[in-house]
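Take a look at the structure set out below.
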Amino acid sequence: MKPTDTIPFHKPHSTGKELAYIAEALANTYLAGGGPIMQRCQAWLQRQTGCALALLTHSCTAALEMAALLLEIQPNDEIILPSYTFVSTASAFVMRGGVPVFIDIRSDTLNIDETLIESAITPRTQAIVVVHYAGVSCHMDPILKVAKQYGLAVVEDAAHGIMASYQGKPLGCIGDLGSYSFHATKNIISGEGGCLLINDPCLSEKAEIIREKGTNRMQFLRGEVDKYTWQMLGSSFLPGELTAAFLWAQLEEAQSITQQRINCWEYYQENLQSLENQGLLHRPTIPPDCRHNAHLYYLLLAPEINKQQVINTCRQHGIELSSHYVPLHYSPAGKKYGKVHGQLKITESIAQRLIRLPLWVGLKKSQQQHIINILNRSLKLA
C-alpha cells in the first residue's frame, strides 16, 4: 500500500438498492411510521428470528426503553447487567427509576458471567439484561434457568447480534424480549434505527400501544376499532418510512453482508495466530454452540503492552484502530444511578487491553495484511 492510503475503522455499506426503495416510499406518499415498507421489514424479521412480533423503532435505545416500559420497571427495581456495555443498556432502565446492578464478565467471550447472576439477586431484582458482545451469544441456558427459578424477565441487548445464533436460536428471540440496532456502525444499517423483538405473545398488544405514544393506533389502522385513544404510558418510538426503506435494502442482502464480514473476520483470526503464539495478544473466542456474525474483530493485548501507543502508531500509518467501552461503573452516571456487585476485575482489565481492528464490507485482504503488518510492528514498539 502507498503511504498516503488510509484504512478507516468503519465504512458504512450500501447495497445499491437503497435509493430505489426510498423512491418507492416517496411514490407511496406514506412517509410516517407504520407504512408498507416498515411492515415488510417487520415481517422479514419475524420470519428470520421466529419471534412473536418484531417492532421497528428509531433506535436500539428506544427498543430497550420500550422493554423497560413493558416490564413496568418501577423506582428502585434492580436490573442485573454487565458494566462492559454501551450506556443504553443501563440508561433505558434508569429512565424508569430502575437501578443497574453491574456484575463482571467472562474472560473468554466478554459476555456477562452467568455464574455471578444468582448471588446478585435481591428481593428488588426484576430483570436480567444480557449483552451479546461482538455478536457472540451469552451462555443462555443457565441464565434462563436462574431467571425462571426467581421469576425474573430476561432482556437480550442484541445490538450486535442480528444474523447470529445460540444453539440454532437467533439472538434476540431467546429471552422474553430482545433488541437489535441498525445504527450506521452495525452490520445491517439504516443510519439510525432499531427493533424490539417480542418473544412472549402476551406482551405484543401492549408493545404496539407503547410504541404508538400509548395509543391503540395500530388497532385502528387494522380496522379493529373505529377510533384510537390514549390507553397507557408510551412514547414516539416509530421510525419513518424512509428509514425503513433504507433498511429493507439491507435486509434483502443480510446473508451476503454477513458472509462477507465473516470472510474478513476469519482472515484476521487465521493470520494473527502467530502473534498470539508469541504471547503478545489474545484473539476472540467463539464457543462451539454459538454462531457469530462477525460484528467486530477485537484483540486483547498482553498487559505489559501500551494500548494507546499501539493505536497511535497504527494511526501514523493511516490505520484507524479503536478501543471500546469505558465500563459503566466507572462513569459519573453509573456511580450515581447504579451499584456494583462483587469485583469487576475482568471488566476493568479488558477495558484497558482491548482494541478493535477495521472490519467492513469491501475491506480487501491486501488491506487486512497491511493492518496485520503494521500491528506487528506496533506491538514490538509498545
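The values are calculated or read from the model by the stated rules, or taken from the named source; none is laboratory data. Computed from a predicted structure; not experimentally measured. Methodologically, a virtual Cβ is constructed for each residue, glycine included, from the backbone with ideal geometry; neighbour enumeration extends over all protein chains shown. Accessible surface areas use protein heavy atoms only, side chains included; no ligands, DNA or RNA. Shrake-Rupley method; radii C 1.70, N 1.55, O 1.52, S 1.80 Å.
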I need the phi-derived Karplus couplings for segment 280-295: 6.51 cos²θ - 1.76 cosθ + 1.60, θ = phi - 60°, integer Hz, Gly and Pro marked x. 8, 6, 10, 8, x, 10, 10, x, x, 8, 10, 10, 8, 10, 6, 5
For segment 33-87, give the percent of accessible area contributed by carbon and sulfur heavy atoms, probe 1.4 Å, rounded to a whole number. 50
Row for segment 214-278, column shape: gyration tensor on C-alpha, a ≥ b ≥ c, rounded if a/c < 1.5 i.e. under 1.5, prolate if a/b over b/c, else oblate; value prolate
I'd like the distance between the alpha-carbon centres of segment 223-265 and segment 136-200, rounded to an integer number of Å. 15
Per-pair calculated FRET efficiency, R0 = 45 Å: Asn376 and Arg124 via Cβ, rounded to 0.05: 0.35
5 Å is the cut-off here: which amide hydrogens, built 1.01 Å from N in the peptide plane, fall below it relative to Val99, excluding neighbours closer than 5 in sequence? Asn76, Asp77, Glu78, Ile79
Can you say what percent of the DSSP beta bridges in segment 33-183, counting only those with both residues inside, are antiparallel? Round to 5. 15
Give me the percent of DSSP beta bridges within the chain that run antiparallel, rounded to the nearest 5. 55
With θ set to phi - 60° and the Karplus curve 6.51 cos²θ - 1.76 cosθ + 1.60, what are the ³J(HN,Hα) couplings of segment 65-80 in order, to the nearest whole Hz, using x for Gly and Pro? 5, 4, 4, 5, 5, 4, 7, 6, 4, 10, x, 6, 5, 9, 10, 8
The simple spin-label model distance between Arg283 and Phe220, using points 7 Å out along Cα→Cβ, in nm, is 5.6
Does anyone have the angle between helix 241-252 and the longest principal axis of the chain? Alpha-carbon axes, 0 to 90°, nearest 10? 60
Dipole magnitude of the chain about its Cα centre, charges +1 at Lys/Arg Cβ and -1 at Asp/Glu Cβ only, in debye to the nearest 20? 840
Gained length - Gln367 relative to Asp141, 0.36 nm times residue gap less alpha-carbon distance: 77.4 nm
Calculate the spin-label point distance for Lys335 paired with Trp44, positioning each point 7 Å from the Cα along the beta-carbon direction, and give it in nanometres. 4.5
Highest mean packing first, using Cβ neighbours within 10 angstrom, the peptides 6-19, 131-144 sort as 131-144, 6-19
How far is it, in nm, from the label point at Ser323 to the one at Lys345 when both lie 7 Å from their Cα along the line to the Cβ? 2.2
Mind jotting down the three principal axis lengths of segment 304-382 based on Cα atoms? Whole angstrom, largest first. 46, 31, 19
Which log10 I(q)/I(0) values, to two decimals, does segment 1-74 give at q = 0.19, 0.22 Å⁻¹ under the Debye formula with one point per Cα? -1.00, -1.14
What are the ³J(HN,Hα) values, in whole Hz, obtained from phi via the Karplus relation 6.51 cos²θ - 1.76 cosθ + 1.60 with θ = phi - 60°, for each residue of segment 54-60 in sequence order, with x given for Gly and Pro? 10, 10, 5, 9, 7, 5, 5
Give me the accessible area per residue for the chain, probe 1.4 Å, as a whole number in Å². 42
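Filter the cross-link list Lys148/Lys213; Lys148/Lys169; Lys206/Lys227 down to pairs whose alpha-carbon distance in this structure exceeds 23 Å.
Checking Cα-Cα distances, Lys148/Lys213 exceed 23 Å.
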Compute the label zone of Gln269 within segment 131-175: residues whose backbone N is under 20 Å from the point 7 Å along Cα-to-Cβ. 132-140, 159-172
Kindly list the residues of segment 133-167 that lie in the label zone of Gln259, defined by a backbone N under 16 Å from the point 7 Å along the Cα-to-C-beta vector. 163-164
Count the net charge of all other residues whose Cβ sits under 15 Å from the Cβ of Cys41, scoring Lys and Arg as +1 and Asp and Glu as -1. -1
Just order 261-271, 191-201 by mean Cβ neighbour count inside 10 Å, highest at the front, would you? 191-201, 261-271
Centre separation in Å (Cα based) which lies between segment 267-283 and segment 41-83: 36
About the Cα centre, and with charges only on the beta carbon of Lys, Arg (+1) and Asp, Glu (-1), how big is the dipole of segment 163-284? Nearest 20 debye, please. 220
Considering the options Val146, Gln343, Ala244, tell which one lies farthest towards the positive end of the dipole of the chain, charges being +1 on Lys and Arg and -1 on Asp and Glu at the Cβ, about the Cα centre. Gln343
Once you sort the root eigenvalues of the Cα gyration tensor of the chain as a ≥ b ≥ c, which label holds: rounded (a/c under 1.5), prolate (a/b larger than b/c) or oblate (the other case)? oblate
